Amino acid sequence: MDRAAFRVFAPGRVNLIGDHVDYVGGLVLPMAVDLGTTIDVMPAAAGRAGVVGLRSDSESDPAEILLPVRDPGSHPIEWARYPAAVLAEMGTTAGFSGEIVSTLPIGAGLSSSASLEVATALAVGFRGDTLPLAQLCQRAEHRATGVPSGIMDQLAITSGVEGSALLIDCRDHSVEPVPLPRGTVVHAVHCGVSRRLEGSEYADRRRSCELAEQTLGPLRDATNSELGAISNPMIRRRARHVISEISRVSAAVEATRRDDAAEFGNLMNRSHVSLRDDFEVSIPELDQLVDQLQRTPGVFGARLTGAGFGGCVVVLADDSVDPGAIGGWRLKPSAGARVVVAG
Ligand code: GLA
């Protein structure tokens, strides 16, 4: 039986602090944002019961995905690999058509791909809890790209809370809403370079963390004083980033509880230095933009956000500052993925 038409929405996310720690079970502080992916879902046209047909306003080529999907990573249209991987994970056999409208910049580090995955799962009919939805989409991301990404993006997108950032413990997957310091706003500003080399570099960084854990045990529980046990200086620096970044996330949550925007901003600035020097995932364009934004009046802190190697800088600023002085997108902490118009 054909389903009636319905509409789903999945936000993007920006990470305020806590990068490259989710895949070791660390703490992260992202927020779902008011930009995202909408899909209008319509029944399959006559004779097309075994096909998912998708059009997107941000892509020139429409995509046809034949069901059942076995190898989503080989779909000839690159953007279609994300929805195809969700269809593969869900074992979808009933076709439909979807019109996609995205307000997220693509490849900017605001999780446009995870947003598309989660919206697709809702379009197919997933109606379970936020964690299984996020885990399904994380598996889909791995199948679509081969990149061994963590759970942060998908879990932030499924669990968003209006007006709050989210403290996510990536070990037990608990999610706690954390309001931003009073009187502050968040911007994301693009450095002009799309993320590059992310796949291989990301897997390489993850591997370095695994090597560090062979010596120290779980990095989530390790302390700075143990770092001397790692003989390879590069692996030691990677581990130092992870250990210090997790403690900065805890400190940032404490700072928000005191409405201490200045301290929150300092922690963001120190996070950037650690990602640049110890984890080595920045690029000169990001460093220059961070430097310029940190010197802009009314800015408390600025750092690269997400995987690095391009994309956006996230900024915490005084809400009385002229948005034009900072630029980019002014982002509101928003609710998570949802069915907007039921069928
Ligand atoms: C990407 C991944 C996330 C996370 C960030 C870095 O966005 O998808 O899982 O690892 O990089 O914090």
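Data overview
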{"quantity": "Cβ pairs under 6 Å, 6+ apart, first in segment 139-153 and under 20 Å from residue 29 (Cα atoms), second within 7 Å of the ligand (Cβ to nearest atom) and of a type in the set (S, T, N, Q)", "calculated": "153/111"}
{"quantity": "Residue 23, sole failed condition from (1) surrounded by fewer than 22 Cβ atoms within 10 Å (Cβ to Cβ); (2) within 16 Å of the ligand (Cβ to nearest atom); (3) more than 20 Å from residue 138 (Cα to Cα)", "calculated": "(3)"}
{"quantity": "Lone qualifier among 72, 76 - being open to solvent by 10 Å² or more (accessible area, probe 1.4 Å), within 14 Å of residue 145 (Cα to Cα) and not small (Gly, Ala, Ser)", "calculated": "76"}
{"quantity": "Strands (runs of 3 or more DSSP E) enclosed by segment 56-173 - at least 3 residues per element that are out of contact with any Gly (no Cβ under 8 Å at 6 or more places or on another chain) and modelled with pLDDT of 95 or more", "calculated": "96-102, 164-169"}
{"quantity": "Unique residue being more than 25 Å from the chain's Cα centre (by Cα) and within 19 Å of residue 338 (Cβ to Cβ) when the list is 45, 5, 10, 49", "calculated": "5"}
{"quantity": "Selection status of residue 271, hydroxyl-bearing (Ser, Thr, Tyr), over 30 Å from residue 42 (Cα atoms) and surrounded by fewer than 23 Cβ atoms within 10 Å (Cβ to Cβ)", "calculated": "no"}
{"quantity": "Segment 286-310 - residue that is part of a loop (DSSP other than H, G, I, E, B) and not small (Gly, Ala, Ser) and, of those, farthest from the ligand (Cβ to nearest atom)", "calculated": "297"}
{"quantity": "Segment 8-26 residues that are closer than 12 Å to residue 248 by Cβ and polar (S, T, N, Q), paired with ones that are away from the ligand (no atom under 11 Å from the Cβ) and at pLDDT below 95 (beta carbon under 8 Å, 6 or more apart)", "calculated": "none"}
{"quantity": "Candidates 179, 233 - the one that is open to solvent by 50 Å² or more (accessible area, probe 1.4 Å), within 24 Å of residue 327 (Cα to Cα) and out of contact with any Leu (no Cβ under 7 Å at 6 or more places or on another chain)", "calculated": "179"}
{"quantity": "Residue list for segment 79-102, filter: open to solvent by less than 20 Å² (accessible area, probe 1.4 Å) and among the β-branched types (Val, Ile, Thr)", "calculated": "86, 92, 100"}
{"quantity": "Residue among 143, 139, 171, 127 that is among the charged types (D, E, K, R) and either away from the ligand (no atom under 16 Å from the Cβ) or not assigned by TED's automatic domain parsing to the domain that holds residue 20 (or both)", "calculated": "127"}
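The values are calculated or read from the model by the stated rules, or taken from the named source; none is laboratory data. Small disclaimer: the values here were computed from a predicted structure and weren't measured. We place every Cβ from the backbone using ideal geometry, glycine too, and count neighbours over all the protein chains shown. Please note that ligands, DNA and RNA were not included when accessible areas were found on the heavy atoms of the full protein model with its side chains. Shrake-Rupley method; radii C 1.70, N 1.55, O 1.52, S 1.80 Å.
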